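Trainee: Pasting a structure below so you can have a look.
The values are calculated or read from the model by the stated rules, or taken from the named source; none is laboratory data. Please read these numbers as outputs of a predicted model, since none were measured by experiment. Counting neighbours? That spans all protein chains shown, and the Cβs are built from the backbone with ideal geometry, glycine included. SASA here: full protein model, heavy atoms, side chains in, ligands and nucleic acids out. Shrake-Rupley method; radii C 1.70, N 1.55, O 1.52, S 1.80 Å.
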Amino acid sequence: MVLEIQTDDKLEYKFIPNTTQALKFKVKAANDAHVCITQAPHEGNPIYEIFIGGWNNSKIAIRKNGEKPEVAVLEVPNTLDGGTYKEFWITWYNGAISIGANDNQTPLLVWADPTMFPSLFVGIRTGWGSTGSWIIEDNWPGWRPTSLPSTSPPGWNIPSVPGTNPTWVPCSGGNVPPDAVAGGFDNEQLYVGRASHCGALLPGKVHPSHGVCYVAWGGSEHGIPDYEVLCSCSPTWVPANADQIPPNALQAGQSEDNEPLYIGRAQYNDVLVIGKVQKSHRVCYISYAGQEIPMEQFDVLVL
């Protein structure tokens, strides 16, 4: 069933029942197309809000319970178009919210919430000078990628019971939780992190004084100010290579082609750098001095 809904420039949600924990839609708006996820057909906590084309049509973001700053933000220039429909999908289950575009099953943005609440409704709205035309695919079941169990959302398969299992905690601006997992050193302690970039979820290094998580992608080093930090576990680093990835290595993300990525680290010059292990490339990629550097000898993080 397809629903066609118009929204005014009022920042007032129109609610639709939803029990699939997934939503696929097209929207034509100049900026600020918002989606909320709730337990009742009205605003109030608990609530997740997804802002598409916010901040002058330049970002996608997730907010929980109206609190700022947003828990996850992705730069997407010209996200929306007032004259053309843009297609998006959202899933929220098994401890994570994933947002993607078109029929690409790789999410643009993933945010984990170990305390995710059950939801029964979604709301849509526009505002900040924008009206919206929506085409909603009602009861869309969401993606169920074959590489993960059928109950797992794209980009997320990490259990999260604080104190007993690995947990990914959203952070930004160089902040790290007190139980963050350390894994490298470059004039200061580096921590195990991951961040979304160009359709991939990439393990990398959180450099506190730099205020970012650095990830390696496309031959370059990218500093991402909003990221997740690995916490609540005591892992072990073991020597490995592309032919010997331990079975208990922690999968921490996936490439833009849905290949599993693991957490690795390697010695480079006088520093110990955390990076991503990509088995098909037979290396651990680390980011350093603006570059993506392939390392054939590395350690891998195991539980």
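Trainee: For the stretch 257-265, indicate whether the set of residues that are over 20 Å from A112 (Cα atoms) and charged (D, E, K, R) is non-empty. First the steps, then the outcome.
Mentor: The initial filter retains those residues of the stretch 257-265 that are over 20 Å from A112 (Cα atoms), namely 257, 264-265.
Cutting the leftovers down to charged (D, E, K, R) gives us 257, 265.
Within the stretch 257-265, one or more residues are over 20 Å from A112 (Cα atoms) and charged (D, E, K, R).
Trainee: What is the number of the single condition among (1) within 23 Å of K59 (Cβ to Cβ); (2) open to solvent by less than 10 Å² (accessible area, probe 1.4 Å) that A252 does not meet?
Mentor: Only one criterion is unmet by A252, namely (1).
Trainee: Restricting to the stretch 130-160, and then to whatever is open to solvent by 70 Å² or more (accessible area, probe 1.4 Å), of a type in the set (V, I, T) and at pLDDT below 80, can you tell me which residue is nearest to E256 (Cα to Cα)?
Mentor: In this case the residue turns out to be T146.
Trainee: Quick one: P178 ticks every box in (1) assigned to a loop (DSSP other than H, G, I, E, B); (2) buried (at least 16 other Cβ atoms within 10 Å of the Cβ) bar one, so which box is it?
Mentor: Looking at each condition in turn, P178 falls short on (2).
Trainee: Quick check on the stretch 247-259. Is at least one of its residues within 19 Å of D186 (Cα to Cα) and not in a loop (DSSP other than H, G, I, E, B)?
Mentor: Checked against the condition, which is being within 19 Å of D186 (Cα to Cα) and not in a loop (DSSP other than H, G, I, E, B), the stretch 247-259 yields no hits at all.
Trainee: Kindly provide the set of residues from the stretch 105-129 that are over 22 Å from the mean Cα position of the chain (by Cα) and crowded, with 19+ Cβ neighbours inside 10 Å, ordered by number.
Mentor: Pass one, the stretch 105-129, residues over 22 Å from the mean Cα position of the chain (by Cα): 120-121, 125-129.
If the condition is that a residue be over 22 Å from the mean Cα position of the chain (by Cα) and crowded, with 19+ Cβ neighbours inside 10 Å, then R125, T126, G127 are the ones that fit.
Trainee: Condition first: assigned to a loop (DSSP other than H, G, I, E, B) and within 19 Å of N18 (Cβ to Cβ). Can you find one or more residues in the stretch 96-106 that meet it?
Mentor: Checked against the condition, which is being assigned to a loop (DSSP other than H, G, I, E, B) and within 19 Å of N18 (Cβ to Cβ), the stretch 96-106 yields no hits at all.
Trainee: Kindly provide the set of residues from the stretch 43-93 that are farther than 18 Å from G129 by Cα and among the acidic types (D, E), ordered by number.
Mentor: Hits for the stretch 43-93 are E43, E49, E67, E70, E75, E87.
Trainee: Oh, and also: Mind counting the residues in the stretch 200-246 that are farther than 14 Å from G183 by Cβ, open to solvent by 30 Å² or more (accessible area, probe 1.4 Å) and either touching a His at 6+ places or on another chain (Cβ under 7 Å) or part of a strand (DSSP E or B) (or both)?
Mentor: 7
Trainee: Considering only the stretch 19-31, I want to know if a residue exists there that is surrounded by fewer than 21 Cβ atoms within 10 Å (Cβ to Cβ), small (G, A, S) and either at pLDDT below 95 or part of a strand (DSSP E or B) (or both).
Mentor: Of the residues in the stretch 19-31, the ones surrounded by fewer than 21 Cβ atoms within 10 Å (Cβ to Cβ) are 19-21, 26, 28, 30.
If we keep only those that are small (G, A, S) too, we end up with 30.
Next, only the ones that are either at pLDDT below 95 or part of a strand (DSSP E or B) (or both) stay: none.
Within the stretch 19-31 (the criterion being surrounded by fewer than 21 Cβ atoms within 10 Å (Cβ to Cβ), small (G, A, S) and either at pLDDT below 95 or part of a strand (DSSP E or B) (or both)), the answer is no, since none of the residues qualifies.
Trainee: Quick check: is even one residue across the stretch 234-255 in contact with a Ser or Thr (Cβ under 8 Å, 6 or more places away or on another chain) and under 29 Å from K68 (Cα atoms)?
Mentor: Yes, the stretch 234-255 has at least one match.
Trainee: Next question. Looking at the stretch 41-56 only, could you name the residues that are open to solvent by 20 Å² or more (accessible area, probe 1.4 Å) and either over 18 Å from T91 (Cα atoms) or in a strand (DSSP E or B) (or both)?
Mentor: P41, H42, E43, G44, N45, W55, N56
Trainee: Next question. Taking only the stretch 273-297 into account, find how many residues are open to solvent by 10 Å² or more (accessible area, probe 1.4 Å), farther than 18 Å from V212 by Cβ and part of a strand (DSSP E or B).
Mentor: 4
Trainee: If I filter the stretch 57-81 down to residues being closer than 18 Å to N102 by Cβ and part of a strand (DSSP E or B), which single residue comes out as least open to solvent (accessible area, probe 1.4 Å)?
Mentor: Checking each candidate, the answer is I60.
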